[in-house]
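Input: a single structure, listed below in structure tokens.
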Amino acid sequence: MFTQSFTATPADIDELGHVNNAVWVRWIQVIAVAHWDQLATAEEQAAYVWVITRHEIDYRGNLRVGETARGETWVPDPPKGARFDRHVRFIGPDGKEKVRAVTTWALIERASGRPMRVPAELAARFLAA
């Protein structure tokens, strides 16, 4: 599991006084990219890029300006060809889950711009993390 903290800034807040749903989606991408940066070699980062093909998000609570959530992400299952599902959740300062998501990501070979099967050695690093 990979973790990262996110603090709501005034720019993240919507007219209801809490983190905008679009911000949660951005944070999902931020934590996923940070996890990739931690696990991938420089050569892999230069050769591949991930794209999101699907989001499934449950909003269970929210944050107000200045509050911090702990983001957690993990990949529980082996990839299916070029794709795998990444799980993400954000835990608020009260210890309660605020947002839970499953996002599907596809691996793209930068040189061709086409999806490619996730290499076994790369998948193994995500599954072990």
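The values are calculated or read from the model by the stated rules, or taken from the named source; none is laboratory data. Small disclaimer: the values here were computed from a predicted structure and weren't measured. As a convention, Cβ positions derive from the backbone with ideal geometry for all residues, glycine included, and neighbour counts pool all protein chains shown. Surface accessibility is based on the protein's heavy atoms, side chains included, excluding ligands, DNA and RNA. Shrake-Rupley method; radii C 1.70, N 1.55, O 1.52, S 1.80 Å.
Identify the single condition in (1) in contact with a Ser or Thr (Cβ under 7 Å, 6 or more places away or on another chain); (2) among the hydroxyl-bearing types (Ser, Thr, Tyr); (3) more than 22 Å from Asp12 (Cβ to Cβ) that Thr68 does not satisfy, given that it satisfies every other one.
So Thr68 meets the others, but not (3).
Filter the range 33-77 for residues that are closer than 30 Å to Ala120 by Cβ and part of a loop (DSSP other than H, G, I, E, B); which is most open to solvent (accessible area, probe 1.4 Å)?
Asp77
Conditions: (1) open to solvent by 60 Å² or more (accessible area, probe 1.4 Å); (2) among the β-branched types (Val, Ile, Thr); (3) out of contact with any Lys or Arg (no Cβ under 7 Å at 6 or more places or on another chain). Val19 meets all but one. Number of the miss?
Every condition holds for Val19 apart from (1).
Pairs under 7 Å by beta carbon, first residue closer than 16 Å to Ile52 by Cβ in the range 67-81, partner open to solvent by less than 50 Å² (accessible area, probe 1.4 Å) and assigned to a loop (DSSP other than H, G, I, E, B), six or more apart or different chains?
Pro79/Val118
Name the residues in the range 3-13 that are open to solvent by 30 Å² or more (accessible area, probe 1.4 Å) and either of a type in the set (D, E, K, R) or not in a loop (DSSP other than H, G, I, E, B) (or both), would you?
Thr3, Gln4, Ser5, Thr7, Pro10, Ala11, Ile13
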